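Below is one structure; the comments refer to it alone.
The values are calculated or read from the model by the stated rules, or taken from the named source; none is laboratory data. Predicted model only: the values in this text are computed from it and were never measured. Counting neighbours? That spans all protein chains shown, and the Cβs are built from the backbone with ideal geometry, glycine included. We work out accessible area using only protein heavy atoms, side chains counted, and drop any ligands, DNA or RNA first. Shrake-Rupley method; radii C 1.70, N 1.55, O 1.52, S 1.80 Å.
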Amino acid sequence: MLDFTGTYTDQYQLTMGQVYFLKGHTHHTAVFDYFFRKLPFEGGYAVFAGLDNLLEILKDLRFDEKDIQFLKQLGLNKDYIEYLKDFRFTGTVYSMREGEVVFPTEPVVRIEANIIEAQIIETLLLNILNFQTLIATKASRMGLQAKGKMLIDFGLRRAQGAGGYHASRAAVIGGFEATSNTRAGRDFDLPVSGTMAHSYIQSYEDELSAFRDFAEAHPENTVLLVDTYNTLKSGIPNAIKVGKEMEQKGQKLKGIRLDSGDLAYLSRRSREMLDEAGLDYVKIAASNQLDEHLIKSLLDQEAPIDIFGVGTSLVTGQPDAALDGVYKLAFFKEEPRIKLSETISKITLPHKKQVFRVLDKHGNFAGSDVVALSEEENPQMMFHPSDPLKHLSVGGHQKEPLLQKVMENGKILNDSRSLKEIEAFSRERLDKLPKEYKRFFNPHIYKVGLSEDLKRERDRLIDEHKVK
């Protein structure tokens, strides 16, 4: 795990915290909601990721000695710094399950803690959840287009610094099967995959010798990069020679990798040449600036590619560099709180809340989530958040509450799941999402509405705080 301490935050969290401390608000409980406003990649859904990492960090979060010395240099109040020496997160966290399919404007995580604790963790929470949700969603989109073909994360070298570490984890939640990132493989128990670079082949006097030595060193996992000089005239013929030599030793060539050129054409010709040589079991892997659009195009052309290695576009979330997740106060000092805006979609939702997923008679998602007050058990109507004329009856439907308590008094309540389990859960939830919301182009918009009670409370507070 990378090192996270109390100073992994924005300065304004600490300056606000000092005011709360000096004014005696230390014991006042605040409720914050984490949600995002817009789906990335012009898609129809997002995959929630990063929760287990966040909880593990929160349970041990503190200001170490180096942090304290730095805070003294910043000129913070000495009594406040003494308070931070003993800082621990002792709050309660409600959350949707990691891997859940989520939609804009609905609370995905709810934090209940004293105002200083809740404020200090804001940046950390947004940093982890926004990034991993973005990458898991990108990975899931690629998985839908790959149609069961293997996906491997090759992105560490192109990631924004240490972001590649958590990107590898999020990619697996989104459906990738392995990573080239050895550190992420160690820490998150991920399958690690890696073969060779062009420089390895260039270091030899000839390509065939490079292939032979690699096969000798890695007989159980020989994947040969065939495009250093000429894919069809050199790389594939030499790979075939090595493959036949391995057969004589009772071994098998595992695969070849294409990293440049016309991948559809080259994969077809490579497949033909390998099959003609009796190496029909050899897999074809492809890399080189892949994304969901190119994967879709290649498979629409029936390119016989078995494995896709994806780097830059995955770990950087191209073309959307960030998820616009936010963290907003909804309740403080036993009173609901609201933020107003001239843009009605940016008016926040007050109170402690629950999110209900409306299900159809088969248990699949019915295309609607209802945001309700936390004490509501079965809302009957849902209202459009910004259009008062739009509403929908959901009284006859089964509903599933999505926010569950996952941390209490700073202690994690449940055993963490393996990434395979989280990925399987995410796949199961995605299967329940109707196809029209998973369309590659122009997906349906999933409805997120307010219960009648929540709408009434929000409208009351809007009227109460409106400048006359």
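What to note about this one:
- Count of region 248-277 residues which are more than 27 Å from A139 (Cα to Cα), free of Cβ contacts under 8 Å to residues at least 24 places away in the same chain and outside any helix (DSSP H, G or I): 1
- Region 417-432 residues that are closer than 18 Å to L151 by Cα, paired with ones that are of a type in the set (F, W, Y) and part of a loop (DSSP other than H, G, I, E, B) (beta carbon under 9 Å, 6 or more apart): E423/F176; S426/F48; L430/Y45
- F36, sole failed condition from (1) in contact with a helix residue (DSSP H, G or I) (Cβ under 7 Å, 6 or more places away or on another chain); (2) hydrophobic (A, V, I, L, M, F, W, C); (3) modelled with pLDDT of 95 or more: (1)
- Search result, residues across region 192-225 that are of a type in the set (S, T, N, Q), touching a strand residue (DSSP E or B) at 6+ places or on another chain (Cβ under 6 Å) and under 17 Å from I236 (Cα atoms): T195
- Of residues in region 1-60 being within 26 Å of the chain's Cα centre (by Cα) and among the basic types (K, R), the one most open to solvent (accessible area, probe 1.4 Å): K38
- Of the helices (runs of 4 or more DSSP H) lying entirely inside region 51-147, the ones with 3 or more residues being closer than 23 Å to G163 by Cα and small (G, A, S) are found at 122-146.
- Single residue of H384, H362, H391 found to be surrounded by fewer than 15 Cβ atoms within 10 Å (Cβ to Cβ) and either out of contact with any Asp or Glu (no Cβ under 8 Å at 6 or more places or on another chain) or under 15 Å from V108 (Cβ atoms) (or both): H362
- Residues that are under 30 Å from A321 (Cβ atoms), not in a helix (DSSP H, G or I) and not basic (K, R) are absent from region 11-29.
- Remark: pairs (first residue in region 92-118, at positive phi and surrounded by fewer than 22 Cβ atoms within 10 Å (Cβ to Cβ); second residue in a strand (DSSP E or B) and not charged (D, E, K, R); Cβ separation under 7 Å; 6+ apart in sequence or on different chains) = T105/F35; T105/V448.
- Which listed residue, of L266, L279, is crowded, with 17+ Cβ neighbours inside 10 Å, farther than 13 Å from T195 by Cβ and either at pLDDT below 95 or under 37 Å from the mean Cα position of the chain (by Cα) (or both): L266
- Residues in region 194-213 that are open to solvent by less than 20 Å² (accessible area, probe 1.4 Å) and either among the acidic types (D, E) or in a helix (DSSP H, G or I) (or both): I201, E207, A210, F211.
- Residue match in region 242-255 (condition: closer than 23 Å to L299 by Cβ, under 39 Å from the mean Cα position of the chain (by Cα) and either open to solvent by 10 Å² or more (accessible area, probe 1.4 Å) or not basic (K, R) (or both)): yes
- Test: residue in region 411-422 that is acidic (D, E), farther than 23 Å from F36 by Cα, open to solvent by 60 Å² or more (accessible area, probe 1.4 Å) and not in a loop (DSSP other than H, G, I, E, B): yes
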